[in-house]
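Here's the structure we're looking at; comments come further down.
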Amino acid sequence: MPTEKCVALIDSGKGLLPTAQWIHRLAPDLRVLLMTDPVGSPWGERDPGDVVERVFAMARRARDAGAQGIALACNTASIVAREPLRDQFEPRIPIIATVPAVKPAAQRFERFAVWATETTAHSDYLADLVQVFAGTKHVDVIGSHGLADAIEQGDAAGIESAVQDAVARTPQVPAVVLGCTHYPLVADVIAAALPAGTVLLDSAEAVARQTLRRLKVPVDASVAEFSDDAAFAAAGVRDAAELTWAERITL
């Protein structure tokens with residue numbers, strides 16, 4: 001019997017799609033709300049206080065639409081809004097934040113790179129993550145001005161150009177952490193541009209599994225956990241309309 005539970009994913013744009021794909025793969029009967037802010041996108045370039053206000057407005061709409069949990073499928077929103085949201089909505093509505101996959105990368109590799117937006121790449125948040133979870137490792141942080149925006153706009157030439165630029169600045173490493181929720185949408189393009197065998201890691205599966213745990217929703221046990229191809233779950237998805245099983249709400 002289908003579950004009556006409902007989860008909302010919040011992002012300024014397409015960055016919520018990889019986490020949504022994972023949630024649906026693990027719990028296909030769960031009601032999923034995709035909540036975006038096309039007018040205010042991208043959030044990474046907005047004043048943090050404004051982002052918090054916009055995220056709160058979306059969270060209230062999610063609550064009113066029946067969401068019993070809210071996943072912040074966006075690094076910027078997770079950085080600036082997770083604690084205020086938790087103060088307001090928890091424990092009644094769990095708030096799940098996105099964290100770049102630095103910890104799992106550090107558990108597997110002595111050296112790796114983190115690709116992120118320029119804002120995240122230069123943030124104290126990412127620096128603290130690296131210090132806490134990868135303090136003894138060699139971590140190369142690669143900031144990109146244009147990749148997330150090109151993905152959001154569906155600009156194939158812009159995506160290719162931004163990927164090639166990031167590759168040119170990435171040293172030879174066994175793994176790359178995709179530190180922006182948009183990046184897994186072009187994991188296939190990124191993998192093709194990097195040396196063969198480079199492992200890509202992202203946060204979407206972890207956020208999805210944590211969201212389902214918090215909502216006490218059973219997951220499909222046949223789905224392998226954190227395989228090396230996990231970052232490709234949403235590769236090739238370019239628009240929320242492709243996720244026909246989800247409901248879309250815009251701010």
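The values are calculated or read from the model by the stated rules, or taken from the named source; none is laboratory data. What you see is a predicted model, and the numbers here were worked out from it, not measured in a lab. Quick reminder, even Gly has a Cβ in these numbers, built from the backbone with ideal geometry, and neighbours come from all protein chains shown. For the accessible areas, the whole protein counts, side chains as well, though only heavy atoms, and no ligand, DNA or RNA atoms are used. Shrake-Rupley method; radii C 1.70, N 1.55, O 1.52, S 1.80 Å.
Numbers below:
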item: Residue match in the range 76-83 (condition: of a type in the set (Ser, Thr, Tyr), buried (at least 24 other Cβ atoms within 10 Å of the Cβ), part of a helix (DSSP H, G or I) and in contact with a Phe, Trp or Tyr (Cβ under 7 Å, 6 or more places away or on another chain)); result: yes
item: Selection status of VAL99, farther than 19 Å from VAL199 by Cα and β-branched (Val, Ile, Thr); result: no
item: Qualifying residue in the range 143-165 (condition: under 21 Å from PRO104 (Cα atoms), open to solvent by 60 Å² or more (accessible area, probe 1.4 Å) and modelled with pLDDT of 95 or more); result: no
item: Among (1) crowded, with 23+ Cβ neighbours inside 10 Å; (2) assigned to a loop (DSSP other than H, G, I, E, B), the one test that VAL177 misses; result: (2)
item: Flag for LEU17 being outside any helix (DSSP H, G or I) and under 13 Å from the mean Cα position of the chain (by Cα); result: no
item: Candidates ALA187, ALA191, ALA162 - the one that is small (Gly, Ala, Ser), farther than 19 Å from PHE112 by Cα, touching a Leu at 6+ places or on another chain (Cβ under 9 Å) and part of a helix (DSSP H, G or I); result: ALA162
item: Which numbered condition SER203 misses (of (1) touching a residue at least 24 places away in the same chain (Cβ under 8 Å); (2) open to solvent by 30 Å² or more (accessible area, probe 1.4 Å)); result: (2)
item: Counted residues, the range 144-189 - those being touching a Phe, Trp or Tyr at 6+ places or on another chain (Cβ under 9 Å) and under 25 Å from ALA71 (Cβ atoms); result: 14
item: Residue list for the range 178-227, restricted to those being touching a strand residue (DSSP E or B) at 6+ places or on another chain (Cβ under 7 Å) and among the hydrophobic types (A, V, I, L, M, F, W, C); result: LEU178, CYS180, ALA187, ILE190, ALA191, LEU194, VAL199, LEU200, LEU201, VAL207, LEU215
